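Below is one structure, written out as structure tokens; comments come after it.
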Amino acid sequence: MDAALSTRRLDWLADFPAIPEGWAYLDSAATAQKPRAVIDAITRGYAESYATVHRGVYQRSAEMTVMFEASRRRVARFIGAASPEEIVFVRGATEGINLVARSWLKPGDRVLLSTLEHHSNIVPWQLAGAEIDVVPLTPDHRIDLDAMAAMIRPEHKLVALAHVSNVLGSVLDAKRAAEIAHGVGAKLLLDGCQAVPRMPVDVAGLDCDFYVFSGHKLYGPTGIGVLWARGEILEAMPPWQGGGAMIETVTFEGTTYAAPPARFEAGTPHVVGVLGLHAAIDYVEAIGLDSIAAHEAALVRETRDSLAGLYSVRLFGPEDSAGIVSFAVEGVHPHDIGTILDESRVAIRAGHHCAQPLMAALGVDATARASFGVYNGEQDVEALVSGIDRVTRIFG
Ligand SMILES: Cc1ncc(COP(=O)(O)O)c(C=O)c1O
């Protein structure tokens, strides 16, 4: 591996107090570890500046409101939104997709998904009463956009796709997906959970209509995420949850609703979570998303090359997958792989990764998955590969 990459990774690793020496944390696609800057922002949020937002008449609340809304502007800049009013704070990508499914979609609307979607991008559409069609994958495990172009029809109101697959790491050609969707008048929703921690994202450049992501996969806190939608789309959407903060006036005869984004943020928000998300964005942008992408690409190359050399290992996903490598070892259940690796202090994920339809398409019940973050380096890849070598020896 490029020596500069592994040296830089050691600088980044030092930012993460919960990663002890010698522990290979390879489960960032599930949730990323937190840098000191994020932990400090959360601590300051509770220990120094804590108060509610938007409603307080006292100085502390006014100051917290300023910080909270500054974070909304920071998120807007981070993903290239036209205005902070297009940023809705939600609990995570799951809640963002449920919001769109409940508020924007009408029961019976036809939706186009792909085989590789996370359950979060399947079940909300089912619950909302959508008719669902499914785009297949190419032989190298990408969403097959030629097939999508052939099957999309004007009845499709929405195309909802993972920007990066949480199992395969395949990166969607989002601009082409937008062109195909818009060609029949459908909107495009991108599930950006695995993309925002791994590459620069610009919603204007991608030409999508909705974008969702979770803070905790971006080195930020759990319980906070983002739904972005074009301003005119949000304006036309009714609220999906009722309560404080989302209203203009309330009487027993009827209620009028606030403008977006407040219309979609009922109840007291996750104030400190938003500050933590702000710090996480500052953190990744200080490193540079291009540098993170290059770093993870080098780790993926190294991992795939090394695992491909091991007898009985089957690799899934394309060669250029973004930061995520799924694999199987012939005759060994992925849970056994995970348990044996854990004995060598290597933490991977094993299971269906909330993507059971994809498992069915791959013809497996589960896979083992290694996923990278800024703190990973050559040593982690070596620990993984020697652990897999041990697995193959134990199971003969
Ligand atoms: C691609 C993708 N979509 C959606 C989700 C759901 O994210 P959350 O559980 O943070 O809402 C995940 C989480 O694993 C994911 O990887």
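Largest first, what is the accessible-area ranking of 342, 15, 109 with a 1.4 Å probe?
342, 15, 109
How many angstrom separate the Cα center of region 48-122 from the Cα center of region 231-304?
Cα centres, region 48-122 to region 231-304: 2 Å.
Please list, by residue number, every one of the chymotrypsin sites (Phe, Trp or Tyr not before Pro) in region 259-313 that is coil in DSSP and has at most 16 other beta-carbon atoms within 10 Å.
Listed in order of number, the matching sites are 311.
What residues qualify as long-range amide H neighbours of residue 135, i.e. H under 5 Å apart, gap of 5 or more or another chain, H built at 1.01 Å from N?
HN-HN under 5 Å from residue 135: 113, 114, 115.
What are the residues whose amide H is under 5 Å from the amide H of residue 188, where those residues sit 5 or more places off or on another chain and H is modelled from the backbone?
159, 209, 210
Across region 291-303, in residue order, what do the Karplus-derived ³J(HN,Hα) couplings come to in whole Hz, using 6.51 cos²θ - 1.76 cosθ + 1.60 with θ = phi - 60° and x for Gly and Pro?
Along region 291-303, the couplings run 5, 5, 4, 5, 4, 6, 4, 5, 5, 5, 4, 4, 5 Hz.
Of all accessible surface on region 184-227 at a 1.4 Å probe, what whole percent is carbon and sulfur?
That fraction is 54 percent.
Based on the alpha-carbon gyration tensor of region 262-382 and its eigenvalue square roots a ≥ b ≥ c, which shape applies: rounded if a/c is under 1.5, prolate if not and a/b is larger than b/c, or oblate?
Note, shape of region 262-382 comes out prolate.
For region 372-377, just list the computed ³J(HN,Hα) in residue order, Karplus coefficients 6.51, -1.76 and 1.60, θ = phi - 60°, integers in Hz, with x standing in for Gly and Pro.
Once rounded to whole Hz, the list reads 10, x, 4, 7, 7, x.
Could you give the accessible area per residue of the chain, probe 1.4 Å, as a whole number in Å²?
Per residue, the chain has an accessible area of 40 Å².
Taking amide hydrogens as modeled 1.01 Å from N in the peptide plane, which residues meet the under 5 Å criterion relative to residue 90, leaving out close sequence neighbours?
Residues meeting the amide H criterion: 225, 226, 227.
Evaluate 2.2 N^0.38 Å with N set to the residue count of region 208-260, then give the Cα radius of gyration divided by it.
Region 208-260 yields a ratio of 1.45.
For residue 131 and residue 379, compute 0.36 nm times the residue count separating them, minus their Cα-Cα distance, and round to one decimal in nm.
84.6 nm
Where q = 0.08 Å⁻¹, what log10 of I(q)/I(0) comes from the Debye formula for the chain, counting one point per Cα?
Treating every Cα as an identical point scatterer, log10 I(q)/I(0) equals -0.43.
Going by a ≥ b ≥ c, the root eigenvalues of the Cα gyration tensor, does region 333-396 fall in the rounded group (a/c under 1.5), the prolate group (a/b larger than b/c) or the oblate group?
Here region 333-396 falls in the oblate category.
One quarter of the convex hull surface, Cα atoms only: what value does that give for region 30-164 in nm²?
The directionally averaged projection comes out at 11.3 nm².
Against the longest principal axis of the chain, how steep is helix 378-394, in degrees 0 to 90 to the nearest 10, with axes from Cα atoms?
It is inclined by approximately 60 degrees.
Can you compute 3J(HN,Hα) from phi for each residue in region 250-261, using the Karplus curve 6.51 cos²θ - 1.76 cosθ + 1.60 with θ = phi - 60°, rounded to whole Hz and x for Gly and Pro?
Going residue by residue, I get 10, 10, 5, 7, x, 10, 10, 10, 5, 6, x, x Hz, with x marking Gly and Pro.
Where does region 224-318 land on Rg/Rh, using Cα atoms and the Kirkwood Rh?
Over the Cα atoms of region 224-318, Rg/Rh equals 1.26.
What spacing in nm lies between the two simple spin-label points modelled at residue 256 and residue 47, each 7 Å away from Cα in the Cβ direction?
Taking the two extended label points, one gets 4.6 nm.
Once you have the Cα-Cα distance between residue 14 and residue 247, take 0.36 nm times their residue separation minus that, and quote the gain in nm to one decimal.
This chain segment gains 79.4 nm when fully extended.
The values are calculated or read from the model by the stated rules, or taken from the named source; none is laboratory data. The structure presented is a predicted model; accordingly, all values stated were derived computationally and were not measured. Heads up, the Cβs are rebuilt from the backbone with ideal geometry, glycines too, and the neighbour counts pull from every protein chain shown. Side chains are part of the model used for accessible areas, which takes the heavy atoms of the whole protein and leaves out ligands, DNA and RNA. Shrake-Rupley method; radii C 1.70, N 1.55, O 1.52, S 1.80 Å.
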